Amino acid sequence: MAVIARWRVRWCVRSGVLFRGLRLALVVMLLGATQAHAGVMTREAMLKAFPSPMIVGERDTALPVWPLFKQDATATVLVGYAFESIDLAPIPGFSGTPLNLLVLLDAKGGFADVRVLSHHEPVFLDGLGEAPLFKFTDQYKGLSLKQNIKIGSNQNRAGQVGSANVFIDGVAKATASVRIVNQTLLAASLKVARAKLGYAAGRDPELVGRVRQDTYAAMDWNALVQAGLVQRVRVSAGEVERAFAGTVGEAAAGSKAAPDATDAPFIELYIAYLNAPVVGRNLLTPFGWQHLLGRIEDGDHALLVLDAGGGAGNYSFIGDEFVRGAVPDRLVLRQGELPIEIRDLDLDDKLLLPAALKGASSKVFRVIGPAGLDPSAPLDFALRITRSKGIVYPERVSRDFALHYQLPAAHVQAASSDNKGWQGIWLGRAWELAVLGAALAMLTLVLAKQSWLVRSERRLRLFRNAFLVFTLVFIGWYAQGQLSIVNITAFIQALVAGRGLTFFLYDPMTVVLWGYTALTLVVWGRGTFCGWLCPFGALQDIVSQVAQRVGLQPRKLHRTLDARLKLAKYAVLGVIVVLAFVSGTWSDRAAEVEPFKTAITLGFVRSWPFVLWAVGLVLLSAFFYKGYCRYLCPLGGALALLGRVRMFKWIPRRAECGTPCQSCRHACEYQAIAPAGQVQYDECFQCLECVAIHDSDERCAPLIVARKQPGRVIAIRPLPNSPVAPNAPAAPAGAT
């Protein structure tokens, strides 16, 4: 049976059917991904989540929401819309994976229900437990999307009286995670409110303009003001007094709060769109501009608000209790009648301001892309001013004052379909993808034309080490392009649930790497990814080389024991795949055998058991060369199985390989060459060391003998499905 199976695979490969089938499957998968959704709730699940007297309507075909109704006498009344956040705002969590919330937004924009469907946040899985997360999300019930919901604490609640924001309690030691929950909930809900509750003025809520990046010109402060790129807005003292007239906040005649000249400014502010290059590059230091670009993602917005001074009110727009990195209590941004969160980026010390404004109070605020802010539409700020009367139990009254800003049309790209969904993320990471594409093209060329690289042992070592550093630093730690067994289990779970694969498209680095890996599996097998493109594998390789430099040589197990241990990764893979069909939660837990999330995604910033496991596996490579990859890695096991469809046995062999020559086998750190000389491609990491030996007159024993015995012919061992080895000369007629 095994012989028949191998014959069938070889026949498919030779006929091209398998390659065409894989290409067609990839195209179909991507087409399906662009049209499907990532949610998990079926109609049956929705009926259980919202039982009678709720009536669950049909899922909307245009927007992934479920209308909910209730019977009121003879009428059927719309209660609101239920939806999953991952369909609308798949914001990556601290682990790199989006969380999923089930939200019921009522017909007036209030949160009727918020539940956690799934998450991968390490602090709630490993440390605090899930109870604090559920308690946190429960606080949203009864609040409204029209309110400015911010995360605060009981400790500073007293200072928030009169704030323009509604504060809910955060979770100690989980600040980053609950902030992501808040952003996810608000961003997804804003999309539904704009599309279904009439807050988008009839337009597609996902169609927003973009700030143009090609309008830079050197301009000073005055030129920016004259061009309307920096705009001065103000609230007059007269406006304030008229707003508080007849309340406890009314100022007494002749007091400082009630100046005689009612048209005099109470507060004056400058507002600017800082991530427009023509503004940011002129108002920030070169380091500050680069720092800003590193702090914001594609689609994010950076807004400068600066107090011009001279106002009679001597009123701070950020509030007396403001701390760096927080949300201002007194200033609110709205667009389309809905509030949008602004958060301090802490870039005050990197501004280049005119002498008259040196030392002025200023803040650079960030708006995340999923909030849906449209830079081509007016920005409606509201400044809340609060006055009080009394000392022990003061009576307070607050009023909001409108401040308007709009970026000049010449500096905005009109909204188009290219600005929707995941496409914007790909555009925003264009330069990263370009770097990755260039690196993959270079790697493909080198692997296809190996003779130039392996001709020099030093050249091979330098190129390989440089590429490993690139893989670890750029692909892994910077671009977060670490492929994982979690990608495969997510694919399985989506297919089992009948869901689409759109969520993959929100991580372009992963999509590109998987596409390249799929192609190279067909050509060369697993070695291209495992040996060159896996960041954790690169980290192990570098650690092993460092260990050898200090005199610590890796050990090699007996080939029988080594072969048995290599089967362990298939057992680990089998357990994880089975759990993926049975339980997503247990599958995620089993996938923690991978240290990738800890070492690469989170940079070892995690609870100690996971860090200890990851560090232990890294140190293991100092004693057993890439021990984790060879013996435990479930992703490596999956790629080894998939790599059996490769088209070529591409590593050249000679008749003397194995008998009597054992040079390549002894040099192979992966122990992927059998005593008889055959290469075990399932365990080959494509390091090219054996190819370099094969082509070297100084390292290959048969070539050394031939050099000493000029008349002797060195034959090339024929390969079953490759007419000639790619880097070796053809054998002379009659050679064996």
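Data table
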{"item": "Accessible surface of segment 645-709 [probe 1.4 Å, protein heavy atoms]: carbon and sulfur percent", "result": "54"}
{"item": "For G481, net neighbour charge (Lys/Arg +1, Asp/Glu -1) across residues whose Cβ lies under 12 Å away", "result": "-1"}
{"item": "For segment 316-418: accessible area per residue (Å², 1.4 Å)", "result": "46"}
{"item": "Above-threshold pairs, the threshold being 31 Å between Cα atoms, out of K173/K358; K146/K363; K48/K135; K173/K566; K566/K597; K191/K389", "result": "K173/K358; K173/K566; K191/K389"}
{"item": "Theoretical gain in end-to-end length, L552 to D320 [0.36 nm per residue, Cα-Cα removed]", "result": "77.6 nm"}
{"item": "Difference of contour (0.36 nm per residue) and Cα-Cα distance, A360 to Q226", "result": "46.2 nm"}
{"item": "Per residue value of the accessible surface for segment 531-591 (all protein chains in place, 1.4 Å probe), Å²", "result": "53"}
{"item": "Cleavage-rule hits (chymotrypsin sites (Phe, Trp or Tyr not before Pro)) in segment 577-609: DSSP loop, at most 10 neighbouring Cβ within 10 angstrom", "result": "none"}
{"item": "Nearby aspartates and glutamates by direct alpha-carbon distance to K108 (threshold 18 angstrom, same-chain neighbours under 8 apart not counted)", "result": "D72, E337"}
{"item": "Rough spin-label spacing in nm, given labels placed 7 Å along Cα→Cβ, for V473 and V77", "result": "6.3"}
{"item": "Anisotropy class of segment 526-640 from Cα gyration tensor, a/c 1.5 cut", "result": "oblate"}
{"item": "Karplus (6.51, -1.76, 1.60) ³J(HN,Hα), θ = phi - 60°, over segment 376-386, in Hz, Gly and Pro reported as x", "result": "7, 9, x, 9, 9, 8, 10, 9, 8, 10, 10"}
{"item": "Sites Q662 and F604, calculated FRET efficiency, Cβ-Cβ separation with R0 35 Å, nearest 0.05", "result": "0.30"}
{"item": "J(HN,Hα) series, segment 471-488, from Karplus relation 6.51 cos²θ - 1.76 cosθ + 1.60, nearest Hz, glycine and proline x", "result": "4, 5, 7, 7, 5, x, 5, 7, 8, 6, x, 7, 5, 8, 4, 5, 4, 6"}
{"item": "Three principal axis lengths of segment 331-386 [C-alpha, angstrom, descending]", "result": "37, 29, 19"}
{"item": "Hz values of 3J(HN,Hα) by residue in segment 397-403 - Karplus curve (6.51, -1.76, 1.60), Gly and Pro given as x", "result": "9, 10, 9, 9, 10, 7, 10"}
{"item": "q = 0.25 Å⁻¹: log10 I(q)/I(0) that the Debye formula gives for segment 49-134, counting C-alpha atoms only", "result": "-1.21"}
{"item": "Förster radius 51 Å - calculated FRET efficiency between A434 and R564 (Cβ-Cβ, nearest 0.05)", "result": "0.70"}
{"item": "Portion, in percent, of the accessible area of segment 260-353 that falls on carbon or sulfur, probe 1.4 Å", "result": "45"}
{"item": "Cα-based shape type of segment 304-359, given that a ≥ b ≥ c are square roots of the gyration tensor eigenvalues and the cut on a/c is 1.5", "result": "prolate"}
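The values are calculated or read from the model by the stated rules, or taken from the named source; none is laboratory data. Here the structure is a predicted model, which is why all the values come from computation and not from measurement. Neighbour counts are summed over all protein chains in view; Cβ atoms, including those assigned to glycine, are modelled from backbone coordinates with ideal geometry. The accessibility values were calculated without ligands, DNA or RNA, using every heavy atom of the protein model including side chains. Shrake-Rupley method; radii C 1.70, N 1.55, O 1.52, S 1.80 Å.
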